1. I need the full set of residues from segment 77-99 which are more than 24 Å from GLN57 (Cβ to Cβ) and within 16 Å of the ligand (Cβ to nearest atom), in order please.
2. Look at ALA68 and say whether it is among the aliphatic types (A, V, I, L, M) and within 13 Å of the ligand (Cβ to nearest atom).
3. Could you list, in sequence order, the residues of segment 96-153 that are touching a strand residue (DSSP E or B) at 6+ places or on another chain (Cβ under 9 Å), assigned to a helix (DSSP H, G or I) and of a type outside the set (Gly, Ala, Ser)?
4. Among the residues of segment 1-16 satisfying the criterion of being more than 14 Å from the ligand (Cβ to nearest atom) and assigned to a loop (DSSP other than H, G, I, E, B), which is farthest from LEU199 (Cα to Cα)?
5. Scan segment 198-206 and tell me whether some residue there is farther than 28 Å from GLU155 by Cβ and in a helix (DSSP H, G or I).
6. Under the condition of being in a loop (DSSP other than H, G, I, E, B) and under 16 Å from VAL76 (Cβ atoms), which residue from segment 17-39 is nearest to the ligand (Cβ to nearest atom)?
7. Hey, can you tell me all the residues within segment 179-218 that are surrounded by 20 or more Cβ atoms within 10 Å (Cβ to Cβ) and closer than 19 Å to LEU143 by Cα?
8. Exactly one condition in (1) in contact with a helix residue (DSSP H, G or I) (Cβ under 7 Å, 6 or more places away or on another chain); (2) at pLDDT 95 or above; (3) more than 16 Å from the ligand (Cβ to nearest atom); (4) not charged (D, E, K, R) is not met by ILE74; state its number.
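The values are calculated or read from the model by the stated rules, or taken from the named source; none is laboratory data. As the structure is a computational prediction, the values presented were derived from the model and not from experiment. Quick reminder, even Gly has a Cβ in these numbers, built from the backbone with ideal geometry, and neighbours come from all protein chains shown.
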Amino acid sequence: MLDLHTHVLPGLDDGAVDLAAGLALCRRLHEQGVTTVVATPHWHSPRFEVEGAGIAQAWEALRALVSAELPRLILVLGAEHHCSGLEAPAAFVAGCRPLGDSPVVLVELPDDHVPANAWATLFALIRAGRRPVLAHPERCRGLRGQREQVAALVEAGGLLQLTLGHLLGVHGWRMRWHSRALLRRHPAACLIASDSHDLGVRRPQWDRLPAGWRRFVPTDLESVSSWGSLKDLGKV
Ligand SMILES: [Fe+2]
């Protein structure tokens, strides 16, 4: 299994607090059946001051430790790129950090609104040959009144990353309701990831993944690039 959204990189944001915590999180993910972990630190989020040099340093440290302690776990570097509306679409595209060598870009919207240039930004990514994945769209209250725009994005090749804890109801009935509604509405465009931050409230929950949802979890990054065929997913 691939987990394409995690905060295992230490000391950068609200994820792993230090190297030991980052390793412990990777170990838990691996124990729960994850074979590839994508580290997606917050990027351009107004809540954290994360710089490229800091990411590089945290990445090198964790990668070395994981390869020594968990040699069968594949660790990939990515980012969760916040779309605040302050960046012009072209600048966003030029400065985005895809997941590993793939064309996949994880994009987070603010919780309370959809920035005016968000759709232009997402479609600019597609025109540039990237594959945008909206991080936990169930959390963005502004998206709830923009079903047509979400459908247009999905039709153009955009994907929706639902958070497993939300689907399971760990974070309340609203998140459960909205994440399951998106899964029903856009089954071919949905992917499940953990967005794990720690071993506490936002811990990995892959051991609770219902068998019927396994089809929404990619095996590797290559399969995300071509994700979205109902035929491939089977009956949903
Ligand atoms: Fe995240």
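1. Scanning segment 77-99 gives CYS83, SER84.
2. Working: among the aliphatic types (A, V, I, L, M): yes; within 13 Å of the ligand (Cβ to nearest atom): no.
Answer is no for this residue.
3. Kept after step one, since they are touching a strand residue (DSSP E or B) at 6+ places or on another chain (Cβ under 9 Å), are these residues of segment 96-153: 96-110, 118, 121-123, 125-126, 130-140, 143, 150, 153.
Keeping just the survivors that are assigned to a helix (DSSP H, G or I) gives 118, 121-123, 125-126, 137-139, 143, 150, 153.
The answer is THR121, LEU122, PHE123, LEU125, ILE126, PRO137, GLU138, ARG139, LEU143, VAL150, LEU153.
4. Filtering segment 1-16 for residues more than 14 Å from the ligand (Cβ to nearest atom) gives 1-2, 10-11.
The next check asks that each one be assigned to a loop (DSSP other than H, G, I, E, B); those that pass are 1, 10-11.
Working: MET1: 19, PRO10: 13, GLY11: 15 Å.
Here the answer is MET1.
5. Let us first name the residues in segment 198-206 that are farther than 28 Å from GLU155 by Cβ, namely 198-206.
Within this subset, residues satisfying the condition of being in a helix (DSSP H, G or I) are 206.
Yes, segment 198-206 contains a residue that is farther than 28 Å from GLU155 by Cβ and in a helix (DSSP H, G or I).
6. Let us first name the residues in segment 17-39 that are in a loop (DSSP other than H, G, I, E, B), namely 17-18, 32-35.
Subsequent filtering for residues that are under 16 Å from VAL76 (Cβ atoms) retains 34-35.
Numbers: VAL34: 16, THR35: 20 Å.
Result: VAL34.
7. Residues satisfying the conditions are SER179, LEU182, HIS186, ALA189, CYS190, LEU191, ILE192.
8. The single condition ILE74 does not satisfy is (1).
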